[in-house]
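These notes concern the structure reproduced below.
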Amino acid sequence: MSDTFTTGDIVAASCRGQPVEGIYITDRDGMAVVKLGSGYNIGVDPATCTLVAKSGETAVQPPLTVEQDESLPELAIISTGGTIASKIDYRTGAVTSQFTADDILRAIPGLSSIGRYRAGVLATILSENMTPSIWQDLARAIHAAIRDGAAGVLVTHGTDTMAYSASAVSYMLDTPVPVVFVGSQRSADRPSSDNVMNGMCAAAAAGADLGEIAVTMHATTNDDFCAVHRATRVRKMHTSRRDAFQSHGMAPIGRVDFPSLAVHLTDDAVRRGACTLALHDRLEERCGLLYFYPGMAPEILRAYEGYRGLVIAGTGLGHVSTGCIRAVRDLIDAGAAVVMTSQCLHGRVCDRVYDTGRDLLSAGVIEGEDMLPEAALTKLMWVLGNESDPERVQRLMTADLKGEIRRRSDHGL
Amino acid sequence: MDYKALGLKAGIEIHQQLDTEEKLFCRCPTTLRKTGEHAGEFFRYLHATVSEMGEIDRAAAEEMMDRRQFHYLTYDTTCLVENDEEPPAPMNREALEIALALAKIFAMHPVEQVHTMRKLVIDGSNTSGFQRTALVAMGGILPNGGVVETICLEEEAAQRVEGSTFSLDRLGIPLVEITTSPCMFTPEDVQQTAEYIGMVLRSTGKVKRGLGTIRQDINVSIAAGARVEIKGVQELDLIAEVVRREAQRQTTLLAIRDELRARRASVGEEVRDVTPLFAGTESSILKKAKVIRAFVLHGFAGLVGREIQPGRRLGSEISDYVKKCGLGGIFHSDELPAYGVTAEEVARLREHLGAADEDAIVIVSGSKEKTACGARQAQHRARRALEGVPEETRKMLEEGSTSYMRPLPGAARMYPETDVFPVAIPDGLWEEIRAPELLCDLARRFENDLGLDAALARQVVSSESLPLFRAAVDAGIRPNLAARTILGTLKELGRDGVAVSRLAPAEILAVLRAVEDGTVAKEAIPEILSAVAAGTAVAEAVGAHAGGMSDGDLATLVQAIVADRIDFVREKGMRALGPLMGLVMAEARGKVDGRKVSEALRQEISRVI
């Protein structure tokens, strides 16, 4: 039986009567996956598999140490699980994510001409499994790296929730050096992956004259340049394209050309050393983000009873239905802070134009200005983690802390 | 040549595009486009590691891998999957069933579960840097006893427009790859097998037709030689010649090896910068070079220039390797003085390098980096001449000689395409798959049952219009009329500039039916089809020729024409029939059978003379 085999064993099997021999890979969906000499995998009936030879000792590759140029700036790489580097074992076809500095430098050799690196693994999770407590650990790890002398920090992150993490860290950390989140939209094993260009551009940004938290990813479908986005203004806007990350309400704060790696920052970008290193790592996790839709039952709002904060992604200028206003009022009366943002993503909330808006204001809803719903959520967690007085919460939520609110709407779609 | 004595062994891989509705892993149509129609373009780099470059000289490989930029043309018929911006859709079922039908014809064993793999291809022809491919069936047989090892379903690569620019319309069209074992032992065997497999493929009625839609790769070796894979043989007629020339190449390379060994030849290690030696050169190539480097091949004199295939020398083989560094090629002393390089310069070079008469010299020119790379590649290839025949992937040149492309790929460059779920082929599905009737059997049936002559039957079954022919026969059209109209008349009209591609099958059938029910004469077919191709409705075009000409009308017409030219008729007698025929037909064409006209004229002429 196939459960006696381990990956790498040589097995003989029958494929509808045709004898085959190959490397046993795994059992999946009731089939044994065997890699033939030609390199092709096929699924065979596990009952027909017999052992030919046990897996030989896999030759351990001598750990090749990548030489680092001591004259270059020291950059920290903190991995959270998004893979910007991976290695293929062609024998078994296994693709493994790489996290050590050496492995990353081997996968993206160009990095070694930009800086010298220390790499640490904070988590190895898919980004949808991120939690506020990992955001806190991340802020602490970045803080420690900067305190220990890093001239810039790279955070490798899965793209799905990268914008949440980057904005959460923005509120928790005052940084004098660049902290650059980076990932890849197309898997790192493929020769066309955006990992190389994103990684190199992010490293260039991490060594640049920048003093804030940023996301650096492909700006176009070409391999021509990366955009540097402010962490609180960026959002993933496409499921699969390389240029999925887009700034909202403002242009990107910079760009990094490829392959020259020339960094151009706009006047909006906070410069290196503009603030001193500080960590404020408290978050209130009992906060939610709710996407309103026509006909939504008020019970859904009531499910948030006991939460300390709720961000609503409302319609248009920032609305929920008249029938939901009562439930919103009840949440606020019970002590929750409710912040209104818009599903439009672009533009500013204004609850003074229509009746439902005015009713929401009188119920105590805080207008979220032009904040992105996700950036408003992480901000609310941070504000409530540090503040409980409703008035001060309201003041902080409507003040610009880390670029998440623009006083003027000077940028169109 | 006695190929048995040489130990010739050959196998083929046939790649055939399938004519499916959609591509293999996305929902785009499988339509080829003109590059002028492209809707957009983008560019990317492919990043490869040394291990993915095969076994080229390592240092040279590292230079080559630096950064490779590729441009791609997109169309309104391509999508984000071709752009490598979206995960693939599930495997195209229609394509899989065509592959299974082929597997049935070759009596193969389909795999129980098909796994899609990623095969690394970093020449830019796949935006992702890999080609998706899946093994569908194994272990088939050919009528001549040969073995079909595998049938795979693969994505077609993007078409190279020029240089590093590719067109994405072709990327992702399903291909079946049929691989035989090295079960052929003469050049003719290989060609016949390719012809047979081609016929089987067309029997499915689901393959694309035309140049470039089927490509043969040929694996050839001789006993002491090496396996060489020759890519992209598109013309069936050239297959035997390609095999003959490869056998010749390997035989000569082995003879050169023996000669080199007898001479105790070796490859000089030292590459010298000889730029100053050519300070005043008249050679246009050397004149514009920043750096000129040269090295000695001890004991190679006369052999670098020896022909190994028509138009190819050992020097050409070395040049091919050097071209991988972005250079145009090499100069070697067996061909000098020439190309503006003087005898005096050669003598000076020989002296400078300390080369003896029995030595050859290789010169590379270009930029500093490229010449360093080129010299290493040239040394690498020269060293392999001492070992015999290198294992290589080669591409066919016109006429059937070949040039070096890259090292043979290993099986090691495949890993699972995790974005595509494995596809089970349960027994029930396999049993439902019907093998189509082979075209060779069909031709025999047309001959026996429909009374077509053998040549016409073969022509019909191998024609792209076979479905139309079958529809016509099913509709009660006489097979000979259908075949001659579809294969003959349409072709002739096309040659005369009629837009026959605008004719819908239904329109052609309607015209043929009008002939069969006697509405129009069959002579009217070309004119009616021309009119329809020009935009006239079928009914109208048929109507214009309908009714024909009554015997009385014909007689009146013939009498009038003969009366008008009565002197001419009296002078020429029956020989006037030919010239008058043209005049009558100008009026009667399409309205009455030519033979009838001829008969009426004959009668009238004999009456008056």
The stretch B:61-148: trypsin sites (Lys or Arg not before Pro) in DSSP loop, at most 15 other beta carbons within 10 Å: B:ARG67
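Determine one quarter of the surface area of the Cα convex hull of the stretch A:74-279, which equals its mean projected area, and express it in nm² to one decimal. Intermediate results must be reported in sequence, preceding the final value.
Details: hull surface 41.0 nm².
Across all orientations, the stretch A:74-279 yields a mean hull projection of 10.2 nm².
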Ellipsoid semi-axes in whole angstrom, largest first, where each is sqrt(5λ) of the Cα gyration tensor of the protein assembly as shown: 63, 46, 30
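Counting Lys +1, Arg +1, Asp -1, Glu -1, what net charge surrounds A:ARG106 among other residues with beta carbon under 12 Å of its beta carbon? All intermediate terms of the calculation are to be shown ahead of the outcome.
Numbers: positive: A:LYS87; negative: A:GLU67, A:ASP102, A:ASP103.
Combined, the nearby Lys, Arg, Asp and Glu give -2.
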How many partner chain Cβ atoms sit within 10 Å of a residue's Cβ in peptide A:234-240, on average, as a whole number? 2
Amide proton proximity set for A:ASP194, modelled H, under 5 Å, gap of 5+: A:GLN185, A:ARG186
All lysines inside 19 Å of B:LYS491 as judged from Cα atoms, apart from same-chain residues fewer than 8 positions distant: B:LYS522
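Any idea what diffusion coefficient the stretch B:207-351 gets from Stokes-Einstein, in µm²/s, Kirkwood Rh on alpha carbon pairs, 37 °C, 0.692 mPa s?
Working: Rh = 17.8 Å.
The estimated diffusion coefficient comes to 184 µm²/s.
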The ³J(HN,Hα) series, computed from each phi in the stretch B:389-403 with the Karplus coefficients 6.51, -1.76 and 1.60 at θ = phi - 60°, rounded to the nearest Hz and given as x for glycine or proline, is 9, x, 6, 8, 9, 10, 10, 6, 9, 4, 6, x, 6, 9, 10
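Kindly rank B:475-482, B:559-566 from highest to lowest mean number of other beta carbons found within 10 Å of each residue. Write out the running numbers ahead of the final one.
Values: B:475-482: 17.1, B:559-566: 14.5.
Put in order of decreasing packing, that is B:475-482, B:559-566.
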Can you list the HN-Hα couplings for the stretch B:517-526, worked out from phi with the Karplus curve (6.51, -1.76, 1.60; θ = phi - 60°), rounded to whole Hz and with x for Gly and Pro? 8, x, 5, 10, 7, 5, 5, 7, 3, x
Rounded to the nearest 5, the percent of DSSP beta bridges in the stretch A:251-345 running antiparallel is 25
Amide proton proximity set for A:THR26, modelled H, under 5 Å, gap of 5+: A:VAL33
Under 5 Å from the placed amide H of A:ILE366, counting only residues 5+ away or on other chains, we find A:VAL338, A:VAL339, A:MET340
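Just order B:347-353, B:321-327 by mean Cβ neighbour count inside 10 Å, highest at the front, would you?
Values: B:347-353: 15.4, B:321-327: 20.6.
Ranked by mean Cβ neighbours within 10 Å, highest first: B:321-327, B:347-353.
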Mind checking which of A:THR92, A:THR156, A:THR124 has the largest fluctuation in a GNM of chain A, springs on alpha carbons under 10 Å? A:THR92
Using θ = phi - 60° and Karplus 6.51 cos²θ - 1.76 cosθ + 1.60, couplings along the stretch B:266-271 (whole Hz; Gly, Pro as x): 8, 9, x, 7, 7, 9
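Order by neighbour count: B:CYS26, A:CYS344, fewest other Cβ atoms within 10 Å first, most last. The partial results should precede the final answer.
Working: B:CYS26 19, A:CYS344 16.
Ordered from fewest to most neighbouring Cβ atoms within 10 Å, B:CYS26, A:CYS344 come out as A:CYS344, B:CYS26.
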Those trypsin sites (Lys or Arg not before Pro) in the stretch A:134-203 that DSSP places in a loop and that have at most 14 other beta carbons within 10 Å: none
Using only Cα atoms, locate the centre of the stretch B:292-370 and the centre of the stretch A:255-279, then give the distance between them in Å, rounded to an integer. 53
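I'd like the mean, over residues of B:78-86, of how many other protein chain beta carbons sit within 10 Å of each residue's own Cβ. Don't skip to the answer; put the middle values down first.
Details: counts 0, 0, 5, 1, 0, 5, 11, 12, 5.
So the per-residue partner count for this stretch is 4.
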Can you grab the distance from the C-alpha centre of the stretch A:304-360 to the C-alpha centre of the stretch B:572-609, Å, no decimals? 96
To the nearest 10 degrees, how steeply does helix B:577-588 sit against the main Cα axis of chain B, on a 0 to 90 scale? 80
Taking the Cβ-Cβ separation of B:LYS288 and B:ARG348 as r and a Förster radius of 22 Å, what is the calculated FRET efficiency to the nearest 0.05? 0.65
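How about the stretch A:330-370: which trypsin sites (Lys or Arg not before Pro) there lie in a loop by DSSP and see at most 16 other Cβ atoms within 10 Å? Spell out each step's value before the answer.
Working: sites: A:ARG348, A:ARG352, A:ARG358; in loops: A:ARG348, A:ARG352.
Sparse-neighbourhood loop trypsin sites (Lys or Arg not before Pro): A:ARG352.
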Of all DSSP beta bridges located in chain A, what percent are antiparallel, nearest 5? 55
Could you work out, residue by residue across A:104-117, how many beta carbons of other chains sit within 10 Å of that residue's beta carbon, and then give the average as an integer? 1
Indicate, rounded to the nearest 5 percent, the antiparallel portion of the DSSP beta bridges found entirely in the stretch A:74-279. 55
If you build a Gaussian network model of chain A, linking Cα atoms that sit under 10 Å apart, which residue out of A:SER79, A:SER193, A:SER362 swings the most? A:SER362
Positive end of the dipole of the stretch A:361-413, charges at C-beta (+1 Lys, Arg; -1 Asp, Glu), about the Cα centre: which of A:ALA363, A:GLY403, A:SER388 has its Cα farthest in that direction? A:GLY403
Going by Cβ distance under 4.7 Å, what cysteines of chain A have no possible disulfide partner? A:CYS15, A:CYS49, A:CYS275, A:CYS287, A:CYS324, A:CYS344, A:CYS350
In degrees rounded to 10, the 0-90 angle between helix B:551-564 Cα long axis and the longest Cα principal axis of chain B is 80
Let me have the relative contact order for the stretch B:551-608, percent, based on Cα pairs under 8 Å that are six or more residues apart. 48
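Determine the gain in length on full extension of the stretch B:ARG227-B:ALA455; use 0.36 nm per residue of separation and subtract their C-alpha separation, reporting nm with one decimal. Before the final figure, lay out each step's value.
Values: separation 228, 0.36 × 228 = 82.08 nm, distance 3.89 nm.
Gain on stretching B:ARG227 to B:ALA455: 78.2 nm.
None of the figures in this text is laboratory data; all of them are computed from the coordinates on show. Because the structure is a prediction, the values reported are computed rather than measured. For neighbour counting, all protein chains shown are included, and Cβ atoms are generated from backbone atoms with ideal geometry for every residue, glycine included.
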